[in-house]
Amino acid sequence: MHRKRGKNLGLLELVAIALGGMIGGGIFTVLGVSVSIIGVYTPVAFVIGGLLALIATYSYIKLAIYYKDEGATYSFYKRTFPQSKFSASLIGWWVIFGYISTLALYSYTFASYAISSFDFANNEWIRKAVAGLILAVFTLVNLWSVKGMGKIEDLMVYTKLIILIIISFVLMNHSSTSIPILIEETKEFSVLSILIVASLTFVAFEGFQLVINAVKEMEEPEINIPKSIYTAVFITIIIYFILSLGALLAIPMDEIIEFEEYALAAGAEKALGHWGSDMIVLGALLATSSAISGTLFGASRQVGVIADDGYFPKLLATRKNNIPTYAILMMSGFAFVLILLGSLNVILEFASVTFLFVSFLMAYANFKIYKKTNSSLFLIILAMFLLFSGMLLILYYDFVHQVEQLYFIAGLYLFLSLAAWMFSKTTREK
């Protein structure tokens, strides 16, 4: 198909951007946390989390087709509720720092797997230095060109998909146990705990929004936005299910829990040998690399839109050759600060809560104009209920089991809300 002038991203690139944002640090980091809480039921939690993401995509797609605005989450809310400057500023700050936290998560996970075979694998500062280095590499890639980023993203994403599928089936073929035995070993089990973990896995699916940020650089958005997002979410659910099931069958659960940050690599070396571990490390590095690149690409466009409205410093709206240079640099810089200061679990939970809540707000925005977007009222209300419930489940888990993390998350939200209020106040005065 002949591409329109100036439209650099077709369906394959858009699916790649969505998959790059989703199949990243999420599966490799969340796996250890999930197994420590619900054991053999981890694949079930990934499927439920994926179905929750699929329901969430409905309002995003409807709003994206209606507004055709690369500001995505922020712009949809601002344009649906034009009188509330503070609300617009607030959702802008929350969603961008949600993306920044996922950048930190992906970079940290990249570093954990990159050094997993060395003696200094557990050296926190070396891990953080490697995380900063990979952030710098993909910052430069995104500053290079839109088309160049799209082609590299295609290559990384589709290569990693092949590798992850191979890894999944190799793990299942080297199974050392069976599902009935694992069910017996998972003594403590409740439906509530599965739903909590499913809510935590939402961050592993959040990358679908990144497609919408490229609306001005894509062909036929009315067709390609829904096609690319639904395709990417379905592929992601299947891969997460098979990969987590294969890991449970081939790697003892206590090892997955012990080596939480690079569980697949550590466990696979004993189950599959050195070549198996190397293949998993390669898959992890490709997965996290494409997630970093895709997130930087999509979210930086949204930063530019927010800055143009005055809710971020104006400098962040500046573009060179249609690339939001300073927005990309800002996001990378703050992600590295989070890596230096934050705990991996806190970053993971903050990102999950943020994207659940923001997705709830998108469903609410679609609810307000559902006739204009030609949406199903039932699907919107169902999404609102499930997304809000998922957010409350994570907060409940923190309150019961790790209240210190709840304080940290609350403090971070307070800081972001204060910054959002200050910028909205300045914008109102102007």
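Only the coordinates and a few stated rules stand behind these numbers; no lab work does. This structure is a prediction, so every number in the text was calculated from the model and none was measured. Neighbour counts are summed over all protein chains in view; Cβ atoms, including those assigned to glycine, are modelled from backbone coordinates with ideal geometry.
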* Asked: Between the helical axis of 191-200 and the dominant principal axis of the chain, each derived from Cα atoms, what acute angle in degrees is found, rounded to the nearest 10?
  -> 60 degrees
* To the nearest 20 debye, what charge dipole does the range 26-143 have about its Cα centre, counting +1 at the Cβ of each Lys and Arg and -1 at the Cβ of each Asp and Glu? -> 440 debye
* Asked: Could you work out the helix-only [θ] at 222 nm for the chain, with each DSSP H run of four or more residues adding -39,500 (n - 2.57) and the total divided by the number of residues, to the nearest 500 deg cm²/dmol?
  -> -26500 deg cm²/dmol
* To do: Find which of Ile61, Ser75, Phe259 sits farthest along the positive direction of the dipole of the range 11-424, computed with +1 on the beta-carbon of Lys and Arg, -1 on that of Asp and Glu, about the Cα centre.
  => Ser75
* Structure fact -> Per its Cα gyration tensor (rounded if a/c is under 1.5, else prolate when a/b beats b/c, else oblate), the range 152-232 is best filed as oblate
* For helix 85-114, what angle does its Cα long axis make with the longest principal axis of the chain, in degrees from 0 to 90 and rounded to 10? -> 30 degrees
* Charge dipole (debye, nearest 20) of the chain; +1 at Cβ of Lys and Arg, -1 at Cβ of Asp and Glu -> 2260 debye
* Asked: Between the helical axis of 263-272 and the dominant principal axis of the chain, each derived from Cα atoms, what acute angle in degrees is found, rounded to the nearest 10?
  -> 40 degrees
* Asked: Taking the radius of gyration and the Kirkwood hydrodynamic radius from Cα positions alone, what is the Rg/Rh ratio for the range 11-424, to two decimal places?
  -> 0.95
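What is the gain in length, in nm to one decimal, between Val47 and Gln83 on full extension, counting 0.36 nm per residue of separation less the C-alpha to C-alpha distance?
Taking 0.36 nm per residue and subtracting the Cα distance, the gain is 9.1 nm.
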* Asked: In terms of the Cα gyration tensor, with a ≥ b ≥ c the square roots of its eigenvalues, is the range 323-377 rounded because a/c is under 1.5, prolate because a/b exceeds b/c, or oblate?
  -> oblate
* Asked: Under the Karplus relation 6.51 cos²θ - 1.76 cosθ + 1.60, θ = phi - 60°, what is the ordered set of whole-Hz ³J(HN,Hα) values for the range 386-396, x standing for Gly and Pro?
  -> 5, 5, 5, 5, x, 4, 5, 5, 5, 5, 5
* To do: Determine the dipole magnitude for the range 279-430: charges of +1 sit on the beta-carbon of Lys and Arg, -1 on that of Asp and Glu, nothing else is charged, the reference point is the Cα centre, and the result goes in debye to the nearest 20.
  => 720 debye
* **Longest DSSP-loop-exposure-free segment, chymotrypsin sites (Phe, Trp or Tyr not before Pro), the chain, at most 14 other Cβ within 10 Å** => 190-430
* Structure fact -> Projected onto the charge dipole of the chain (unit charges on the beta-carbon of Lys, Arg, Asp and Glu, signs +1, +1, -1, -1), the Cα from Gly246, Phe202, Ile167 with the largest positive-side position is that of Phe202
